[in-house]
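Chemist: Structure provided below as structure tokens; questions to follow.
The values are calculated or read from the model by the stated rules, or taken from the named source; none is laboratory data. Since the model is a prediction, treat every value here as computed from it, not as a measurement. Glycine gets a Cβ as well: all are built from the backbone with ideal geometry, and neighbour counts include every protein chain shown.
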Amino acid sequence: MALGKSIRRVEAKAKVTGKVDYVMNMTMPEMLHVKLLRSTIPHGKIKNIDKRAAEEIEGVIKVVTGEDLQKLDINYYYGPAFRDQPVIAIDKVRYVGDPVAAVIAESVEIAAKAVNYIEVEYEEFEPVFQVLDAMKEDAPIVHDTIRPAGSFADLKSLLPKSGSNICLHYKLRHGDIEKGFEEADHIFEDTFTTPAAVHLPMEQHVALAYLDAEERMNIWTANQSPSFVRSEVSHVLKLPESKVRVRVPYLGGGFGTKLYVKIEALTAVLALIVKKPVKLALTMDEVFITLTKHATVFTLKTGVTNDGKIVARKCTVAWDTGAYADIGPRITQKSGFTAAGPYDIPHVQIDSYCVYTNNAPAGAFRGFGIPQLVWAYESQMDIIADKMGWDPLEFRKSQVLIEGKEHATGQIMNSIGFGEILEKIDDRLDWKTYRSTAKQPDQQNPRIRGRGMAIGLKAVLTPSISGAVVTLFADGSASVYSSTVDMGQGSDTILGQIAAEVLGLPSDKVRVVHPDTDVTPYDTITAASRSTFYMGNAIQKAAEDVKRQLFEFVSEYYEVSSEELELKDEAIFVRNEPDKKLAITEVIKKIFKMPAGSIIGRYVFESHYQSPDPETGQSDDVAIFWFAGGTAVEIEVDRETGKIDILNMVSLGDVGKAINPFQVHQQLYGAAIMQIGQALFEECKYDHGQMINASMADYKVPTFKDLPARSETIIVEDPHPEGPFGAKGVGETASFGVQPAIANALHDALGVRIKDMPLTPERVLAAIKEAEESSNSRQKVSVTNEAKGER
């Protein structure tokens, strides 16, 4: 049995010995290199580009600008939601860092040198950097024209709003919001913000493109969505998809920044121009300005009754999608409809806005917008509980969504393990005992401890498609053909385990073939924690197709029905008749009458889906499954420095069924650790559109010294009826609640509430000072009133 075993990663040895192929290390005969000149202004018209001096440098092959592209018979714009991003800037730039010219040269060094010899003359336009300012009617317009892409079924109904920086407005209406607030005994309203942040995978964006002998465009790329790259590059080059081949080896991390097209269209166009292999590898500094996490402003208004029931919640979320939409419209909708949280609330109103600004583009980031939302609604849950004198854990337990409850979208929930998650949090934090014995902090001790928790809900990408082929060879080994990209999450291992389980093979006899659009079937993307469910289903059913073919032969051979057969331990046997047994190799030999041949199974898994009503956001079937995650922490905060240390962190996730438990624990741990940086210090800082900390020297990420002193990951298994062996996804589940759990623990420790991420020492100290001044002011008023009373 392969299922449920913590087997080692199939690529582990190759990675630690340095034998794994990465695009960054690839080279080809006559390969040329590319460096980009980027805009130095945030918004303006390109009046003139003088590239003559650069092209005169020895070793420079060509300098390509938007003017050159307009001479080609291609489509200049690409994008997954709206085709709003030019291959290279045409006429206009929209952020500091927008690619303006590409130098193609014989070496990286020559290309980098030549970039400095290009002169650009701009006519500067008024920029807009703040998302709320960009939503105003008189704001400078970033995009005069927005072109819907129509690439995905769930995005076809998302129509852009012209003449405005609001490129998408998603609405959800559930119940009667005014009636809900009338029923409320208390109303709370708070605004929370999160900044832009960056993904920082160890491997930068890199692509290598060339035309082969048949004039087909070949692309090797570090990308999470090879099938989409093929279709979008085909669109740009005006070629049939059969004329574009995309291959992806292992990735050195992705986290969302390598989704959809990033540099592949440009690299392909340059290869088309020079008719030689062309490689574009971004520097880490360039990665910072290629894609960021959405900055958000989230205003939350919640009505509660005296008996602890949330009866109304109004949510207004503004997503700063930067200069180009990328996948921001999907985040605005998919994440937006969970803005009210994982709670049974009768009256909900959500307005979620995707907004253009002149900042660096924003897009998918691990959690896909959910951590920004959970930060707000789980912080407010504790604000309400504290004000009302309620236990925050019991407050959540009393109304959390469970099996059979209706979500704000109108869908009935199933396979949602919040009940167990909250019970585990209660147990691991020893919550009831802690709450009953909590004492006032020792005022002489500068280091104060506190505990906090948070839970979050996410819907998987729906609708979505994954295709798989499974081939069983004559020697009893098998190959799985899948376009899922292994970017460190261990998909090769888990998907191989699923096939092995069905075919009765040991895991080491199953090989997963890496994405190659000439060979592996279509897969929507490798993201959104969807691969185990979608591709796992496709592989399971493709393997069952192989198994069916084997059984058809064996049932005739032994003159029994297929229902009487079993397949395990590399053999097929008749149940209750152990003498009737054939090894898989024998079956194939008998089928083909020689020790050769192969049996092929195939399947395309596609989810069911009902598009939400554009006015109400209601849908009976908006997500094929939901993620439930939670975080509990104990922290220690230094009142003198504002520094927060995490003493204990518990990360919980409902994964349906753990195919490989050790890898599930790794995913939960990794997601939580990544969010520690977002919680405590990560943010992109801008000065008039220029990111001023766009380097590893200035942008701080967690180190070993920032890790919790103690960490625990807890797998919750609430099997999904449609998942492969009951499995769901896991990659983002532990990312949801880290930030509010820490903020809630901070409030528990010091009584201060911070509503803007991250929780830097400076912010913590400012909050402590503000709380002390407020307390002193109240004490003075109290003393004054007492004195007046005496007189």
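Chemist: Give the residues of segment 630-672 that are surrounded by fewer than 21 Cβ atoms within 10 Å (Cβ to Cβ) and either in contact with a His (Cβ under 6 Å, 6 or more places away or on another chain) or within 30 Å of Thr321 (Cα to Cα) (or both), sorted by residue number.
Modeler: If the condition is that a residue be surrounded by fewer than 21 Cβ atoms within 10 Å (Cβ to Cβ) and either in contact with a His (Cβ under 6 Å, 6 or more places away or on another chain) or within 30 Å of Thr321 (Cα to Cα) (or both), then Tyr669, Gly670 are the ones that fit.
Chemist: Exactly one condition in (1) in contact with a helix residue (DSSP H, G or I) (Cβ under 6 Å, 6 or more places away or on another chain); (2) on the phi > 0 side of the Ramachandran plot; (3) not charged (D, E, K, R) is false for Gly389; which is it?
Modeler: The single condition Gly389 does not satisfy is (1).
Chemist: Has segment 114-135 got at least one residue that is without any contact (Cβ under 8 Å) to a residue 12 or more places away in the chain, in a loop (DSSP other than H, G, I, E, B) and under 12 Å from Val355 (Cβ atoms)?
Modeler: no
Chemist: Considering only residues that are part of a loop (DSSP other than H, G, I, E, B) and either in the same structural domain as Tyr353 (by TED's automatic domain parsing) or not polar (S, T, N, Q) (or both), which ones fall in segment 147-168?
Modeler: Arg147, Ala149, Gly150, Phe152, Lys156, Leu158, Leu159, Pro160, Lys161, Gly163
Chemist: Just checking, which of Ile416, Ile383 is closer than 30 Å to Cys354 by Cα, in a helix (DSSP H, G or I) and not small (Gly, Ala, Ser)?
Modeler: Sole residue among the options that is closer than 30 Å to Cys354 by Cα, in a helix (DSSP H, G or I) and not small (Gly, Ala, Ser): Ile383.
To keep it simple, each residue is scored yes or no on (1) modelled with pLDDT under 95; (2) polar (S, T, N, Q).
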| position | (1), (2) |
| --- | --- |
| Glu420 | no, no |
| Arg435 | yes, no |
| Ala438 | yes, no |
| Asp442 | yes, no |
| Leu457 | no, no |
| Val469 | no, no |
| Phe473 | no, no |
| Ser479 | no, yes |
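Chemist: Considering Asp176, Asp133, Asp144, which residue is outside the structural domain of Asp351 (by TED's automatic domain parsing) and under 26 Å from Thr409 (Cα atoms)? Working first, answer last.
Modeler: Details: Asp133 fails: under 26 Å from Thr409 (Cα atoms); Asp144 fails: under 26 Å from Thr409 (Cα atoms).
Answer to the check: Asp176.
Chemist: Shifting gears a bit: Return only the number of the condition from (1) at negative phi; (2) within 34 Å of the chain's Cα centre (by Cα) that Ile61 does not satisfy.
Modeler: (2)
Chemist: Restricting attention to segment 531-568, and to residues there that are surrounded by fewer than 17 Cβ atoms within 10 Å (Cβ to Cβ) and hydroxyl-bearing (Ser, Thr, Tyr), which single residue is nearest to Met487 (Cα to Cα)?
Modeler: Going through the qualifying residues, I end up with Ser562.
Chemist: Now for a different question. Cβ-Cβ distance below 6 Å, separation of 6 or more or different chains: which pairs start in segment 724-747 with a residue that is under 30 Å from Ile659 (Cβ atoms) and in a helix (DSSP H, G or I) and end on one that is at pLDDT 95 or above and hydroxyl-bearing (Ser, Thr, Tyr)?
Modeler: Ala734/Ser651; Val738/Thr631; Pro740/Ser379; Ala741/Thr631
Chemist: Let me ask another. Looking at segment 469-489, which of the residues that are touching a residue at least 60 places away in the same chain (Cβ under 8 Å), surrounded by fewer than 24 Cβ atoms within 10 Å (Cβ to Cβ) and not β-branched (Val, Ile, Thr) is nearest to Ile584 (Cα to Cα)?
Modeler: Step by step, filter segment 469-489, then rank; the result is Gly476.
Chemist: Additional query: Please pick out the residue among Lys179, Lys171, Lys161 that is within 30 Å of Pro463 (Cα to Cα) and out of contact with any Asp or Glu (no Cβ under 7 Å at 6 or more places or on another chain).
Modeler: On the way: Lys179 fails: within 30 Å of Pro463 (Cα to Cα); Lys171 fails: out of contact with any Asp or Glu (no Cβ under 7 Å at 6 or more places or on another chain).
Result of the check over Lys179, Lys171, Lys161: Lys161.
Chemist: Could you say whether any residue in segment 521-530 is closer than 27 Å to Val16 by Cβ, touching a strand residue (DSSP E or B) at 6+ places or on another chain (Cβ under 6 Å), surrounded by 23 or more Cβ atoms within 10 Å (Cβ to Cβ) and at pLDDT 95 or above?
Modeler: no
Chemist: Give the residues of segment 258-282 that are touching a Lys or Arg at 6+ places or on another chain (Cβ under 9 Å) and more than 15 Å from Leu69 (Cα to Cα), sorted by residue number.
Modeler: Listed by number, the residues that qualify are Leu280, Leu282.
Chemist: Has segment 284-295 got at least one residue that is modelled with pLDDT of 95 or more, among the aliphatic types (A, V, I, L, M), surrounded by 24 or more Cβ atoms within 10 Å (Cβ to Cβ) and over 24 Å from Val93 (Cβ atoms)?
Modeler: There is no residue in segment 284-295 that is modelled with pLDDT of 95 or more, among the aliphatic types (A, V, I, L, M), surrounded by 24 or more Cβ atoms within 10 Å (Cβ to Cβ) and over 24 Å from Val93 (Cβ atoms).
Rundown of residues vs (1) among the small types (Gly, Ala, Ser); (2) outside any loop (DSSP other than H, G, I, E, B), yes/no style:
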position: Lys458; (1), (2): no, yes
position: Thr462; (1), (2): no, no
position: Gly467; (1), (2): yes, yes
position: Thr471; (1), (2): no, yes
position: Tyr481; (1), (2): no, yes
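Each row is one residue, and each column tells you yes or no for (1) outside any loop (DSSP other than H, G, I, E, B); (2) without any contact (Cβ under 8 Å) to a residue 12 or more places away in the chain; (3) outside the structural domain of Phe627 (by TED's automatic domain parsing).
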site	(1), (2), (3)
Ala528	no, no, yes
Thr532	yes, no, yes
Lys547	yes, no, yes
Leu550	yes, no, yes
Glu563	yes, yes, yes
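Conditions tested, residue by residue: (1) in a loop (DSSP other than H, G, I, E, B); (2) without any contact (Cβ under 8 Å) to a residue 40 or more places away in the chain; (3) closer than 30 Å to Ile498 by Cβ; (4) of a type in the set (Phe, Trp, Tyr).
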residue: Pro719; (1), (2), (3), (4): yes, no, yes, no
residue: Pro758; (1), (2), (3), (4): yes, no, no, no
residue: Glu762; (1), (2), (3), (4): no, no, no, no
residue: Lys769; (1), (2), (3), (4): no, yes, no, no
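Chemist: Any chance you could count how many residues in segment 666-695 are in a loop (DSSP other than H, G, I, E, B) and over 30 Å from Thr493 (Cβ atoms)?
Modeler: Total satisfying the criteria: 10.
Chemist: Give me the helices (runs of 4 or more DSSP H) completely within segment 4-80, filtered to those with at least 2 residues that are at pLDDT 95 or above and out of contact with any Phe, Trp or Tyr (no Cβ under 8 Å at 6 or more places or on another chain), ordered by residue number.
Modeler: 52-55, 66-69
Chemist: Right, another one. Out of segment 306-325, which residues are in a loop (DSSP other than H, G, I, E, B), farther than 21 Å from Asp133 by Cβ and either out of contact with any Phe, Trp or Tyr (no Cβ under 7 Å at 6 or more places or on another chain) or modelled with pLDDT under 95 (or both)?
Modeler: Correct list: Asn306, Asp307, Lys309.
Chemist: Sticking with this one: Would you pick out the residues in segment 446-496 that are out of contact with any Ser or Thr (no Cβ under 9 Å at 6 or more places or on another chain) and more than 28 Å from Glu11 (Cβ to Cβ)?
Modeler: Arg447, Ile448, Arg449, Gly450, Arg451, listed by residue number.
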